[in-house]
Amino acid sequence: MNDSPERALLVGATGYVGRHLAERLHGDGYVVRAVVRDRGRAAAPGAHGAPGLGALVDEWVVAPKGAADLGADVMAGVDRVVSALGVTRQKADPWDVDFRQNLRYLELAEQVGVDSFLYVGVMNAASGTSGVSRAKHAFMEALARSHVAPQIVNPSGYFSDLTEIYDLARRGMAFGLGDGDVRLSPIHGADLAEFCVSRLADGPGSWDVGGPEVLTYRDVVRIAFDALGKTPRYVSVPRRAASAAVWASDRVSPRAGSLTRFFLEGMQTDSVGEPHGTHTLRDYYATLSR
Ligand SMILES: NC(=O)c1ccc[n+]([C@@H]2O[C@H](COP(=O)([O-])OP(=O)(O)OC[C@H]3O[C@@H](n4cnc5c(N)ncnc54)[C@H](OP(=O)(O)O)[C@@H]3O)[C@@H](O)[C@H]2O)c1
């Protein structure tokens, strides 16, 4: 990079992608300012092989309530904002986090006039009916209208999420909807981070991105069983069972309904992005079986 390093504000820094983003930003010479809820947890290694942030972050902002705790000073000296902030397994409303918190960061970024705002969203958010998809899509629409250079990266499934298929295979049986012929191009967090950081100086844009391979869900199951040296056992769940599961989880709670819808819609819709990176799912699963 140039002699005077740029400063990147990273939000969602403690997640699977956030940690890989910190590593790539740090490696590319950015001054990394990270917003975290708990500094001790942030410094420890993350799940699924994601790195600890201890040596990767130059400036810490500890905000237990997230963006609500912060004012424009969090943007002081910031050139670029990178957000991988979103609800996955956390107990929170996606409208509070994916939409409102990201919008708050965007408004603060607009106040001080940062050069760009990169957001890691999700593929097919525009057609999704879950609260998660709708909240993400609403934020993307707000970002696309911003005068800071909007950059929207929509990834296919992460290797971290596909660990669940490996865990099912270890227990001897993996479930899937129908024939399992829906296609995805799963991506490792490090490859996604490399894609994002290498786009930062490119100006406004929107990208659908995946890893180097296009796989069906059924392929993913086979690769997981192969890694364990077992014969694949795929149990096909009828697609109509998906509607019944959504109906039932809607009655448990709005959050359960939203997550179930997000998960099941993901299993019924192709999510294949521009191929990127070098990490294969086979190699990732091999690391899990050691
Ligand atoms: N998993 C997939 O296959 C996949 C595919 C495409 C897109 N995505 C999207 O990509 C983004 C990153 O995913 P990921 O797997 O890296 O997620 P993750 O590991 O759950 O990380 C999410 C980040 O958001 C923060 N966060 C969540 N709820 C919060 C709250 N209430 N207040 C403040 N911070 C909060 C988390 O902080 P804490 O660590 O403090 O909880 C963490 O830093 C998400 O928006 C996800 O939906 C995921």
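The values are calculated or read from the model by the stated rules, or taken from the named source; none is laboratory data. Predicted, not measured: the structure shown is a model, and the values here were computed from it. Don't worry about glycine lacking a Cβ; one is built from the backbone with ideal geometry, like all the others, and counts go over all protein chains shown. Note: areas computed on protein heavy atoms with side chains; ligands, DNA, RNA excluded. Shrake-Rupley method; radii C 1.70, N 1.55, O 1.52, S 1.80 Å.
Some notes on this structure:
Residue-by-condition table, conditions (1) within 11 Å of the ligand (Cβ to nearest atom); (2) more than 21 Å from the chain's Cα centre (by Cα):
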residue	(1), (2)
29	no, yes
34	yes, no
46	yes, no
56	no, no
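- Verdict on residue 35 being assigned to a helix (DSSP H, G or I), at negative phi and modelled with pLDDT of 95 or more: no
- Residue-level analysis places residue 41 outside the set of residues that are assigned to a helix (DSSP H, G or I), within 17 Å of the chain's Cα centre (by Cα) and within 14 Å of the ligand (Cβ to nearest atom).
- Some residue of the stretch 270-280 being of a type in the set (S, T, N, Q) and under 26 Å from residue 98 (Cβ atoms): yes
- Odd one out for residue 53, checked against (1) in contact with a strand residue (DSSP E or B) (Cβ under 7 Å, 6 or more places away or on another chain); (2) surrounded by 17 or more Cβ atoms within 10 Å (Cβ to Cβ); (3) within 17 Å of residue 201 (Cα to Cα): (3)
- For the stretch 67-106, residues that are open to solvent by less than 30 Å² (accessible area, probe 1.4 Å), away from the ligand (no atom under 13 Å from the Cβ) and without any contact (Cβ under 8 Å) to a residue 60 or more places away in the chain total 2.
- Of all residues in the stretch 125-173 being in a loop (DSSP other than H, G, I, E, B) and closer than 23 Å to residue 194 by Cβ, the one that is farthest from the ligand (Cβ to nearest atom): 148
- Scan of the stretch 203-236 for residues that are within 21 Å of the chain's Cα centre (by Cα) and either open to solvent by 40 Å² or more (accessible area, probe 1.4 Å) or among the basic types (Lys, Arg) (or both), ordered by number: 204, 206, 207, 208, 212, 213, 214
- Only one of 183, 170, 80 that is more than 20 Å from the chain's Cα centre (by Cα) and not acidic (Asp, Glu): 170
- Of all residues in the stretch 149-160, exactly one satisfies the criterion of being out of contact with any Pro (no Cβ under 7 Å at 6 or more places or on another chain), without any contact (Cβ under 8 Å) to a residue 60 or more places away in the chain and either open to solvent by less than 10 Å² (accessible area, probe 1.4 Å) or of a type in the set (Asp, Glu) (or both), namely 153.
- The selection criterion, being assigned to a strand (DSSP E or B), modelled with pLDDT of 90 or more and within 30 Å of residue 286 (Cβ to Cβ), holds for residue 209.
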